[in-house]
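Some notes on the structure that comes next.
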2 protein chains.
Amino acid sequence: MELALEEAELAFREDEVPVGAVVVMSGKVVGRGRNRRERLRLVTSHAEIEAIQKASRTLGTWRLENCDIYVTLEPCPMCAGAIIQARIKRLVFGAYDPKGGAAGGVVDLLGQKLFNHRVDVIGGILEERCSQTLKKYFTIKRNAEKRRGG
Amino acid sequence: MELALEEAELAFREDEVPVGAVVVMSGKVVGRGRNRRERLRLVTSHAEIEAIQKASRTLGTWRLENCDIYVTLEPCPMCAGAIIQARIKRLVFGAYDPKGGAAGGVVDLLGQKLFNHRVDVIGGILEERCSQTLKKYFTIKRNAEKRRGG
């Protein structure tokens with residue numbers, strides 16, 4: 001999760017919503033990702049998707065059955081869906097997202113076996129630090145809007 | 001939907017689960033995609049994601065607010081999530097997917113305003129042809145398995 005937070009910090013510096021993710025297999029990092037939606041102008045460039053794509057390239061397969069993913073924020077439905085599609089074993093996330101989360105926040109796509117794969121989920125790891133990074137980002141954004149009279 | 005079926009046909013010839021998608025804005029095609037998961041070894045290479053990414057590149061933005069997406073199969077949660085993230089206005093799909101669909105099949109992520117965006121959904125368009133393409137693919141796959149004694 002420390003590495004995922006590092007990625008979130010990089011996203012923060014790039015003026016993106018600061019979310020970071022890391023895919024790990026047998027204790028080894030096989031993919032890192034951070035939110036790059038604005039920079040790449042792609043909705044699919046969320047941290048989890050970027051990390052999953054990198055892990056798939058590292059391992060040469062879309063099946064990430066023996067992998068865990070660490071993310072600083074509870075995944076949205078798109079990313080939760082990608083985690084299911086990739087057959088990832090375990091999701092560990094930091095901050096909860098009651099407005100957009102798909103690991104219990106708004107819906108729970110992962111914990112139950114709704115689809116052909118169930119993912120073990122652990123939420124709230126380094127929660128305070130993960131959510132502080134996000135809060136800091138949104139405070140700066142709001143203040144900038146106010147200054148512009150928005 | 002005819003164009004989406006053309007894409008599905010291309011996927012079929014490439015030995016991929018035959019699903020095709022097209023993103024349309026004001027009657028103009030801005031992105032086409034087909035399932036290329038096996039070829040690219042990426043779970044994220046579903047037809048919808050490929051079409052959305054191409055549309056974002058065509059339009060230079062991740063916001064596809066005035067776009068509709070046509071898909072031959074009901075989207076999975078990952079793709080339904082991407083449709084929400086991209087703020088797509090309307091989803092038109094062909095075959096229903098009672099085992100994996102996120103537009104009512106297993107869950108409904110789109111029709112209700114669960115997240116910050118609601119998508120208009122029309123299912124069952126050219127349903128017979130869309131599902132025949134899929135059935136043909138899976139029948140060939142099963143017969144090949146049997147021949148291998150699987």
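The numbers here are math on the coordinates, done by the rules we state, and not lab data. Computed from a predicted model, the values in this text were never measured in an experiment. So basically every Cβ, Gly included, is an ideal-geometry build from the backbone, and we count neighbours across all protein chains shown.
State which stretch of chain A is the longest one without any exposed GluC sites (Glu not before Pro), exposure meaning a DSSP loop state and at most 14 other Cβ atoms within 10 Å. Looking at chain A, A:66-150 is the longest stretch - no exposed GluC sites (Glu not before Pro) with at most 14 other Cβ atoms within 10 Å. Shortest first, B:ARG142 label-point distances to identical copies amount to 5.6 nm, with the label point at 7 Å from Cα along Cα→Cβ. Looking at chain A alone, DSSP beta bridges between its own residues are antiparallel in about 60 percent of cases.
Pull up the DSSP beta bridges for the protein assembly as shown and report the antiparallel fraction as a percent, rounded to 5.
That works out to approximately 60 percent antiparallel.
Compactness ratio for the stretch B:60-141: Cα radius of gyration over 2.2 N^0.38 Å (N = residue count) comes to 1.12. Antiparallel beta bridges, as assigned by DSSP with both residues in the stretch A:40-121, represent about 10 percent of the total such bridges. Decide, for chain A, between rounded, prolate and oblate: order the square roots of the alpha carbon gyration tensor eigenvalues as a ≥ b ≥ c, take rounded if a/c falls under 1.5, and otherwise choose prolate if a/b is larger than b/c, else oblate. Because a/c hits 1.5 or more and a/b exceeds b/c, chain A counts as prolate.
Take each residue in A:43-50, count the other chain C-beta atoms within 10 Å of its C-beta, and the mean is 5. Projected label points at B:ARG118 and B:ARG90, each 7 Å from Cα along the beta carbon direction, are separated by 1.6 nanometres.
If you take every residue apart from A:ARG148 with its C-beta less than 13 Å away from the C-beta of A:ARG148, what net charge results, scoring Lys and Arg +1 and Asp and Glu -1? After counting each charged neighbour, the total is +3. Volume per residue for the protein assembly as shown equals 130 cubic angstrom (convex hull of Cα atoms). The value of relative contact order for the stretch A:40-127, using C-alpha pairs under 8 Å at least six residues apart, is 26 percent. Helical runs assigned H by DSSP (4 residues or longer) give the protein assembly as shown a calculated mean residue ellipticity at 222 nm of -12000 deg cm²/dmol, each run adding -39500 (n - 2.57) before division by the residue total.
Normalised by the number of residues in chain A, the average gap of Cα pairs under 8 Å and 6 or more apart makes the relative contact order 19 percent.
Starting from the label point of A:GLY124 at 7 Å along Cα→Cβ, the same points in the other copies fall at 4.5 nm, in ascending order. Between this copy and the others, label points of A:GLU14 are 2.6 nm apart in ascending order, each placed 7 angstrom from Cα in the Cβ direction.
Quick one: net charge around B:ARG87, please, counting Lys, Arg +1 and Asp, Glu -1 for every other residue with C-beta under 13 Å from its C-beta. Computed value for this residue: +3.
Taking the stretch B:1-18 and a reference point 7 angstrom along Cα→Cβ of B:ARG129, the backbone N atoms nearer than 12 Å belong to B:1-9.
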